[in-house]
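Novice: Take a look at this one; I'll ask things after.
No value in this document is a laboratory result; all are computed from the given coordinates. In this text, all values refer to a predicted model and were calculated from it rather than measured experimentally. Heads up, the Cβs are rebuilt from the backbone with ideal geometry, glycines too, and the neighbour counts pull from every protein chain shown.
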């Protein structure tokens with residue numbers, strides 16, 4: 001909105017422009033830091049996902065082999081009992097003001113719930129490999145969630161940077177320039193009026209002085 005061309009509004013706009021530029025610099029630094037952190041997290045998430053795929057693939061293969069050796073019914077019976085105690089702990093970690101959760105998982109295997117003579121060694125291998133998967137799932141969820149939250153914050157920060165750079169700051173600069181020009185024009189007009197008044201006053205004073213000189217001359221002649 002266009003403000004009235006007054007000096008008070010000029011000072012207000014200068015203050016707003018200074019704050020907008022300072023905010024732009026802060027947001028730009030935040031955007032760069034978020035982009036850097038996101039790049040590191042993306043690499044970590046990609047490595048964790050690749051490792052998870054390898055562990056899932058190995059676990060499914062071992063489970064398939066156990067089913068082939070023992071049969072589906074015996075495998076299902078042997079898998080009824082819990083294989084481990086799983087304890088999780090989450091803590092909140094802040095990255096550039098973005099809250100992310102660090103997940104710690106502790107997997108403690110339980111004693112085998114079946115006799116070794118009734119099962120195949122493939123089942124033991126499958127059990128071990130699925131416990132390895134359980135340890136990695138928490139890390140995968142942690143990195144994936146952090147990536148999504150940082151990406152959302154980066155997108156929001158980028159929108160604010162664009163708004164300041166392309167809309168807010170140019171509009172404030174345009175308003176400031178317009179008001180400054182209006183004030184300068186007002187000052188020039190006031191100066192011109194003052195000069196005209198001074199010239200008229202000098203002319204009037206000169207005329208009065210001339211009339212007074214003429215009157216004194218005629219009196220002297222008489």
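Novice: Radius of gyration and Dmax for the stretch 1-74's Cα atoms, expressed in Å?
Specialist: Computed over the Cα atoms of the stretch 1-74, radius of gyration and Dmax are 29.7, 90 Å.
Novice: Using all Cα-Cα distances in the stretch 7-173, what percent lands in each 10 angstrom bin from 0 up to the longest?
Specialist: P(r) over the stretch 7-173, rounded to whole percents: 9, 24, 20, 16, 12, 8, 6, 3, 1, 0.
Novice: Can you compute the modelled spin-label distance between residue 39 and residue 65, with each label point 7 Å from Cα toward Cβ, in nm?
Specialist: 4.2 nm
Novice: Please give the FRET efficiency for residue 135 paired with residue 73, using the beta carbon to beta carbon distance and R0 = 22 Å, rounded to the nearest 0.05. Display every interim value, and only then the final one.
Specialist: Working: r = 29 Å, r/R0 = 1.32.
With a Förster radius of 22 Å, E is 0.15.
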